[in-house]
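These notes are about the structure you will find just below.
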Amino acid sequence: MPFLVLLLLLLSAPAWATSYYVDPATGSNTNAGDLAHPWLNPPGTRSLDVRAPGQRLRYQPRTNTWTFVASKPGYGLALTVRPSKPYVLHGGGTGVVREPTGGVSYYYSATRARATGFITSAGSRIPFTGEAWFDHQWEPVASITNPPNWDWFSCRFDDRTELMLYRFRTRDGTPLARFQSGTLVGRAGAGKLVRTFDAIPGTRTLDAAGRQWPLDWELRVPSASLSLSLRAIVADQLVRGQLLPTFWEGAATVAGTKRGVCFVEETNS
């Protein structure tokens, strides 16, 4: 059962977490809604064990394991993620992403990880085991609350390689060539900078939240000889905004030069 867990840490704002799971067989999208509360203890620089009412995120360095739990009436999530590849610094190994606003964010990933846990919904407990992609990105809160538009792709291929691509766009949708990049990760975990790529939206769209959201993409990465076709597994995978603007983030199948699964994130504010 493909699913996505999204967790954002807003240090000078309420903690905010949202999670949902998607059943590709039926197209159903079960959304837990947002959990937004003040942090009971803020994140530190030497350890990570942060809590808010109904939420807890921990990192255990000895076992290189991340755990996240969230609960509210009628819903619960317990997730454990342990990377199976080395962490990769994006931005050509610098870990720095430069943004059109003039600011920067800091970004690394475990592009392939083991995930276990369970979801509790409507009185049923659903265990899961599978592979995951873990991202950690942070930046000043001012950038988060007034972000530019962007497209982001994280692909895990059947040959155990991975690809991350992102690009920023103007408000009218025009890609900003100076603000796009990516990382191609080999089987052993080494990252290679991707300087240029093309991301062409298809004709199938979701009309929701006053916007049109592309559901199909063609990705072309000449430096890696990649030509990929992405198709959203379920149309409505919108994360409807509470503290942040509404955006689309969800799972898509991949065909073409390689096969696998991608998560796509697109904003359109």
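Please treat every number below as a calculation from the coordinates, not as lab data. Please read these numbers as outputs of a predicted model, since none were measured by experiment. All Cβ positions, even for glycine, are placed from backbone atoms using ideal geometry, and neighbour counts span all protein chains on display.
Quick one: grab the alpha carbon gyration tensor of region 123-234, order the square roots of its eigenvalues as a ≥ b ≥ c, and give me rounded if a/c is under 1.5, else prolate or oblate depending on whether a/b is larger than b/c. Judged from the Cα gyration tensor, region 123-234 comes out rounded (a/c under 1.5). Within a straight-line Cα-Cα reach of under 27 Å, Lys192 can be paired with the following lysines, leaving aside sequence neighbours fewer than 8 residues apart in one chain: Lys85, Lys258.
Counted by neighbouring Cβ atoms within 10 Å, the residues Leu48, Leu206 run from fewest to most as Leu48, Leu206. The residues neighbouring Glu162, those whose beta-carbon lies less than 14 Å from its own, together hold a net charge of +4 under the Lys/Arg +1, Asp/Glu -1 convention.
Applying the criteria of a DSSP loop state and at most 15 other Cβ atoms within 10 Å to the GluC sites (Glu not before Pro) of region 224-269 yields no site.
Inter-part distance, region 69-107 to region 154-198, computed on C-alpha centroids, equals 15 Å.
Considering region 47-91 at the alpha-carbon level, its Rg and Dmax are found to be 12.9, 41 Å. Listed by Cβ neighbour count within 10 Å, with the fewest neighbours leading, Val194, Val69, Val96, Val50 appear as Val96, Val69, Val50, Val194.
With neighbour counts taken as other beta-carbon atoms within 10 Å, the residues Trp66, Trp138 rank, fewest first, as Trp138, Trp66.
The Rg/Rh ratio of region 47-121, with Rg taken over Cα atoms and Rh as the Kirkwood radius over Cα pairs, comes to 1.07. For region 156-269, a crude dipole built from +1 on the beta carbon of Lys and Arg and -1 on the beta carbon of Asp and Glu, taken about the Cα centre, is about 340 debye to the nearest 20.
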